[in-house]
Amino acid sequence: MTIRYADGRTLEAVVLSRTDNTLRVAAKNTDDVLVFSEFNGTWVSEDCEPVRIEFAWQFHSLEVAVAQADCICSKELASRLMHLLFSGSNEEGLKEKTLPESPGFPAAGHLVI
C-alpha cells in the first residue's frame with residue numbers, strides 16, 4: 001500500500017491489521033507501527049494529519065492498454081459475425097460456405113470490434 005501525506009511525502013507500507021475505521025501498518029524504513037483512523041471517509045494519522053491511502057488492488061496503472069490491432073479481425077471472421085448477428089442464428093451447424101460474401105456487409109477487409 002502507499003500512504004500519501006498532504007505535504008507530498010509518500011510511504012510504502014503493509015497492513016498489519018484493520019478494523020472498520022482503524023488501520024495499523026508497518027512502513028518501509030521505519031521501526032514504529034503507524035496507526036491511521038478513518039473519519040467521514042478521510043484517513044488521518046496519529047498526528048491528526050489527513051493522508052491518502054492507496055491499496056495495491058486499487059492501482060490501475062499496471063493494466064495493459066489494448067491496441068487497435070488487438071481489436072481487428074479477418075474479413076472471414078467479420079463476415080461470420082455479421083451473419084450471426086443479423087440472421088439471429090447460432091454458430092451450431094453453420095458451415096463456412098453458407099456465409100454471405102459481402103452483400104449488405106461492410107466492404108472493408110476488416111471489421112473493428
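The values are calculated or read from the model by the stated rules, or taken from the named source; none is laboratory data. Computed from a prediction, not measured in an experiment: that's the story for all the values here. Every residue, glycine among them, receives a Cβ derived from its backbone with ideal geometry; neighbour counts consider all protein chains shown.
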Selection from the stretch 30-45 of residues that are in a loop (DSSP other than H, G, I, E, B) and farther than 16 Å from Arg4 by Cβ:
Asp31, Asp32, Asn40
If you take the residues of the stretch 2-39 that are touching a residue at least 12 places away in the same chain (Cβ under 8 Å) and among the small types (Gly, Ala, Ser), which of them is farthest from Phe55 (Cα to Cα)?
Ala6
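Do you know which of the residues in the stretch 66-97 that are exposed (fewer than 10 other Cβ atoms within 10 Å of the Cβ) and at pLDDT below 75 is farthest from Trp43 (Cα to Cα)? Walk me through it before giving the result.
We begin by selecting, within the stretch 66-97, every residue exposed (fewer than 10 other Cβ atoms within 10 Å of the Cβ); these are 66-70, 85, 88, 90-93, 95-97.
Restricting the remaining residues to those that are at pLDDT below 75 gives 90-93, 95-97.
On the way: Asn90: 53, Glu91: 53, Glu92: 55, Gly93: 59, Lys95: 60, Glu96: 60, Lys97: 63 Å.
Per the criteria, the residue is Lys97.
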